[in-house]
Amino acid sequence: MKKILYLLLICSIAVSVSAQSNESKDELFSKIAKLTQKKKPEDTEKAYQLAKDYLARFGKDNDDKTKKIRDFVEKYRLAKFNESLDSLNIQAAMSYAKDILAENPEDSYVTMNLALGGFDFYVKKQDNSIVNQTLDYAKQTLQLFDKGKLPREYTPLKSKEDAQATMHYIIGMLSINSDIKEAARNFFRAVSFNSQIKSKADPYYVIAFYYEKVYESASEEFRKKHQDNRTSDAEFEKDRQKINLIIDRMIDAYARAVNLGTIEKHPSVDIWKQRLTEAYKFRHNTDSTLEDYIKNIMNKEIPDPFNIQ
């Protein structure tokens, strides 16, 4: 009995699809128009699905009706895309985005907002199921920007620089646990733009933590290389200066994190300052000038973490 019902259902669907595909262009246009006039969300969604079928069949035509249908489809799915993001319905947003990007793979407004929406979903829901997709969209957005494919508008961000900084920030935040070097690289790029990211404490802390890892590796290499005193004094001094430079860079990044973390009352600022004080005293044998150093650190340009010479 169940098998018979299933076959009847399949037949019913097939008849429905066949009937829909046999509708003339004018009949389908009229049906879509009537559904849009009803103003109910479910009717507009039906109209959208029919409109996609219309374009699949008649999309190559260039008459007024086809132009109107295309305009309706583009405006509707963009509105639903934005609406889905606003309600944190990220799967629905990705579904509408898939249709948009199928027609225009270089729509950086969509990729940018997918990255923003994915990151917002991750933060608010503590759900990492779409982290990889979010990373891909953020990277894709930056690639499109580099090609000059800019969005029609930057909403909810303010400018191109703000968008670039935010994309790098998202990549940095989502890379901390898997690749600290990648995180530090993107945070450094994020704070190089004139945006609100520049005044956030977290990027500088992660850069400081990256220096901690670099210092650990360099110190171990230094110990192995010079433990038997087989190297020249000049080579020893050169390697020692490199170690000191890493510590100086670490101090620089921690000071920025403490400076901004104090302003924003970051919950980790006391821990950061304790580590900063340890490193500063180790390097200078005193912390008497540390407060002035912290106070003035943001007046200096941040050094590139990947240019330590």
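Looking only at region 229-274, filter to residues that are basic (Lys, Arg), closer than 19 Å to Ser219 by Cα and touching a residue at least 40 places away in the same chain (Cβ under 8 Å); which one of those is surrounded by the most Cβ atoms within 10 Å (Cβ to Cβ)?
Arg249
Do we find a residue being outside any helix (DSSP H, G or I), in contact (Cβ under 8 Å) with a residue 12 or more places away in the chain and in contact with a helix residue (DSSP H, G or I) (Cβ under 8 Å, 6 or more places away or on another chain) anywhere in region 68-83?
Checking region 68-83: not a single residue is outside any helix (DSSP H, G or I), in contact (Cβ under 8 Å) with a residue 12 or more places away in the chain and in contact with a helix residue (DSSP H, G or I) (Cβ under 8 Å, 6 or more places away or on another chain).
Select from region 153-167 the residues that are part of a loop (DSSP other than H, G, I, E, B) and not polar (S, T, N, Q) and write down the one among them that is farthest from Pro203 (Cα to Cα).
Glu153
Pick out the one residue from Ser288, Ser217 that is assigned to a helix (DSSP H, G or I), of a type in the set (Ser, Thr, Tyr) and surrounded by fewer than 18 Cβ atoms within 10 Å (Cβ to Cβ).
Of Ser288, Ser217, the one residue that is assigned to a helix (DSSP H, G or I), of a type in the set (Ser, Thr, Tyr) and surrounded by fewer than 18 Cβ atoms within 10 Å (Cβ to Cβ) is Ser217.
In a loop (DSSP other than H, G, I, E, B) and either of a type in the set (D, E, K, R) or closer than 24 Å to Phe188 by Cα (or both): does that describe Asp228?
It is true that Asp228 is in a loop (DSSP other than H, G, I, E, B) and either of a type in the set (D, E, K, R) or closer than 24 Å to Phe188 by Cα (or both).
With respect to Asp248, determine if the residue is more than 30 Å from Lys139 (Cα to Cα), assigned by TED's automatic domain parsing to the domain that holds Asp292 and outside any helix (DSSP H, G or I).
no
Just to be sure, is Lys98 of a type in the set (Lys, Arg) and buried (at least 18 other Cβ atoms within 10 Å of the Cβ)?
For Lys98, the condition - of a type in the set (Lys, Arg) and buried (at least 18 other Cβ atoms within 10 Å of the Cβ) - is not met.
Looking at (1) surrounded by 14 or more Cβ atoms within 10 Å (Cβ to Cβ); (2) in contact with an Asp or Glu (Cβ under 9 Å, 6 or more places away or on another chain), which is the only condition Gln196 fails?
(1)
The values are calculated or read from the model by the stated rules, or taken from the named source; none is laboratory data. Note that the coordinates shown come from a computational prediction; the quantities given were computed from them, not determined experimentally. We place every Cβ from the backbone using ideal geometry, glycine too, and count neighbours over all the protein chains shown.
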